[in-house]
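Data block below; observations after.
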Amino acid sequence: MPRIVRDADAAWEGNLARGTGTLSAATSGAFSELGFSVAARVGAPGGKSSPEELLAAAHAGCFTMSLANELTSADTPPGRLDVRCRITMDEVDGKGHLIVHSALDVTGRVTGADATAFDEAVEKANAGCPFSILLRKAGAGVDVTTRFEGGD
C-alpha cells in the first residue's frame with residue numbers, strides 16, 4: 001500500500017466555553033464546515049460533532065476495512081459488516097483528560113464462514129488495524145464484541 005496523507009482544516013471562533021468551530025475535509029471535500037463545540041463534546045450534541053465522535057468514526061471505518069481484508073483473504077468476502085465504535089475520554093490522575101478506551105461492536109454476514117472463522121478474522125483485523133494499533137500504543141484499551149449473522 002502506498003503512503004497515505006490526508007488533510008483536514010479546523011477553524012474556531014470565540015472562547016472555549018461558548019465558542020464553536022468547523023471542520024472540513026481538505027483533501028476529499030467529503031464534508032465541509034462540520035460544526036463542533038465544547039458543549040457537543042461534554043453534553044448534548046445539538047447537531048454538532050466532537051473530536052471523540054470523529055475518532056470513533058475513523059476507528060470504525062479503519063477497522064471495517066481491516067476486517068473486510070481479512071475475510072476476503074480467507075476467501076470469504078463479507079456480504080455486510082456493521083461496526084459501531086464508542087470512544088471514551090476520561091480524566092487520568094496526573095495526566096488530564098485522555099482517550100482511555102475504544103469499544104467496537106461488530107456484526108457480520110459472511111457467506112462461507114462460521115462464527116469461529118469470523119471471530120478469528122476479527123482478531124486478526126484488530127491486531128492489524130492501524131487505528132487499533134495507534135490507540136493501544138497510546139495506552140487506550142481496545143475491546144471488540146462480535147455478532148455473526150451467518151451468510152447472505
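Scanning region 41-87 for residues that are part of a helix (DSSP H, G or I) and either β-branched (V, I, T) or in contact with a Gly (Cβ under 6 Å, 6 or more places away or on another chain) (or both) turns up V42, T64, S66, T72.
Only residues that are free of Cβ contacts under 8 Å to residues at least 60 places away in the same chain and either closer than 22 Å to G61 by Cβ or of a type in the set (D, E) (or both) were counted in region 99-138, giving 27.
Residues in region 1-39 that are surrounded by 12 or more Cβ atoms within 10 Å (Cβ to Cβ) and closer than 16 Å to A57 by Cα: A8, L23, S24, A25, F31, L34, G35, F36. Return the total of residues in region 90-118 being out of contact with any strand residue (DSSP E or B) (no Cβ under 6 Å at 6 or more places or on another chain), in a helix (DSSP H, G or I) and surrounded by 15 or more Cβ atoms within 10 Å (Cβ to Cβ). Here the count works out to 1. Within the option set R84, R109, being under 15 Å from the mean Cα position of the chain (by Cα) and closer than 30 Å to G151 by Cα holds for one residue only, R84.
No lab work stands behind these numbers, since they all come straight from the coordinates. All of these numbers come straight from a predicted model, not from anything done at the bench. Here the Cβ is made from the backbone with ideal geometry for all residues, glycine too, and neighbour counts use every protein chain on show.
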